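In what follows, a structure is listed as structure tokens, so that the remarks can point back to it.
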Amino acid sequence: EGVRRFGIVPRVALLSHSNFGTQRGPQSRKMAEALQIIRGRAPELEVEGEMQADLALSETLRQRVFPNSRLHGSANLLIMPNLDAANIAFNLLKMMTEAVAIGPLMLGLGKPAHVLDKSVTVRRIVNMTAVAVVDAQMTQRAAEQRVELN
């Protein structure tokens, strides 16, 4: 639901040091288990894993290693195995590309939460404010729909 609010159809990759069970460890097992849970709850979602980041971003590489992958094209939503990996990747991408950083976004909480770190720029404050406004509007609509149903 997070990327859909931006009008993007999610193509999800669950990242790990392992590619589709080639190495077993706690993090790769966690991502493989997460894949089964996600597929059970959202079978229509284009999701694959566990895999290394290069395979997530390159369909050509992924097809060589795992030709039966359900993920097509480049993943646009990367799920990290832990907070350390996510923070490292986020900051590397933020500094090495000209992409616009929006986030980090916290999903799955009872209410919206928006995080800004110490290195925040004016542009990121504006972007997160826009996300907060959309979240507030969505929360308000959901509340109004609940009232209408009752």
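The values are calculated or read from the model by the stated rules, or taken from the named source; none is laboratory data. If you're wondering where the values come from, they're calculated on a predicted model, not measured in any experiment. Positions of Cβ are backbone-derived with ideal geometry, glycine not excepted, and every protein chain shown enters the neighbour counts. Remember, those area values only see protein heavy atoms, side chains included, never the ligands or the DNA or RNA. Shrake-Rupley method; radii C 1.70, N 1.55, O 1.52, S 1.80 Å.
Can you tell which of G49, G7, G21 is modelled with pLDDT under 90, more than 23 Å from V131 (Cβ to Cβ) and under 15 Å from the mean Cα position of the chain (by Cα)?
Numbers: G7 fails: more than 23 Å from V131 (Cβ to Cβ); G21 fails: under 15 Å from the mean Cα position of the chain (by Cα).
Result: G49 is the single residue among G49, G7, G21 that is modelled with pLDDT under 90, more than 23 Å from V131 (Cβ to Cβ) and under 15 Å from the mean Cα position of the chain (by Cα).
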Which condition does V133 not pass, out of (1) open to solvent by 50 Å² or more (accessible area, probe 1.4 Å); (2) closer than 26 Å to L14 by Cα; (3) of a type outside the set (F, W, Y), if it passes all the others? (2)
Could you please tell me which pairs satisfy a Cβ distance under 9 Å, a separation of 6+ or placement on different chains, a first residue in the range 81-95 that is closer than 13 Å to D117 by Cβ and touching a residue at least 40 places away in the same chain (Cβ under 8 Å), and a second residue that is in a helix (DSSP H, G or I) and hydroxyl-bearing (S, T, Y)? none
Anything in the range 101-128 that is open to solvent by 70 Å² or more (accessible area, probe 1.4 Å) and among the charged types (D, E, K, R)? List them, or say none. K111, K118, R123
Could you say whether any residue in the range 90-100 is surrounded by 14 or more Cβ atoms within 10 Å (Cβ to Cβ) and of a type in the set (G, A, S)? no
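Please find, within the range 56-77, the residue that is most open to solvent (accessible area, probe 1.4 Å) out of those that are within 14 Å of L35 (Cβ to Cβ) and in contact with a helix residue (DSSP H, G or I) (Cβ under 9 Å, 6 or more places away or on another chain). I'd like the intermediate steps shown before the answer.
Quick first cut of the range 56-77, residues within 14 Å of L35 (Cβ to Cβ) only: 56, 66, 68-71, 75, 77.
Still in the list and also in contact with a helix residue (DSSP H, G or I) (Cβ under 9 Å, 6 or more places away or on another chain): 56, 66, 69-71, 75.
Details: A56: 0, F66: 61, S69: 8, R70: 132, L71: 0, A75: 10 Å².
Checked the range 56-77; the qualifying residue most open to solvent (accessible area, probe 1.4 Å) is R70.
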Filter result for L35 (free of Cβ contacts under 8 Å to residues at least 24 places away in the same chain and touching a Gly at 6+ places or on another chain (Cβ under 6 Å)): yes
Just to be sure, is V115 among the hydrophobic types (A, V, I, L, M, F, W, C), closer than 30 Å to A143 by Cα and touching a helix residue (DSSP H, G or I) at 6+ places or on another chain (Cβ under 9 Å)? yes
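Looking at this structure, is K30 under 23 Å from F6 (Cβ atoms) and either touching a residue at least 40 places away in the same chain (Cβ under 8 Å) or more than 13 Å from the chain's Cα centre (by Cα) (or both)? Write out each step before concluding.
Working: under 23 Å from F6 (Cβ atoms): no; either touching a residue at least 40 places away in the same chain (Cβ under 8 Å) or more than 13 Å from the chain's Cα centre (by Cα) (or both): yes.
So K30 does not fit the description; no.
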Starting from residues that are in contact with a strand residue (DSSP E or B) (Cβ under 7 Å, 6 or more places away or on another chain) and more than 21 Å from L61 (Cβ to Cβ), keep the ones in the range 1-38 and report whichever is most open to solvent (accessible area, probe 1.4 Å). I38
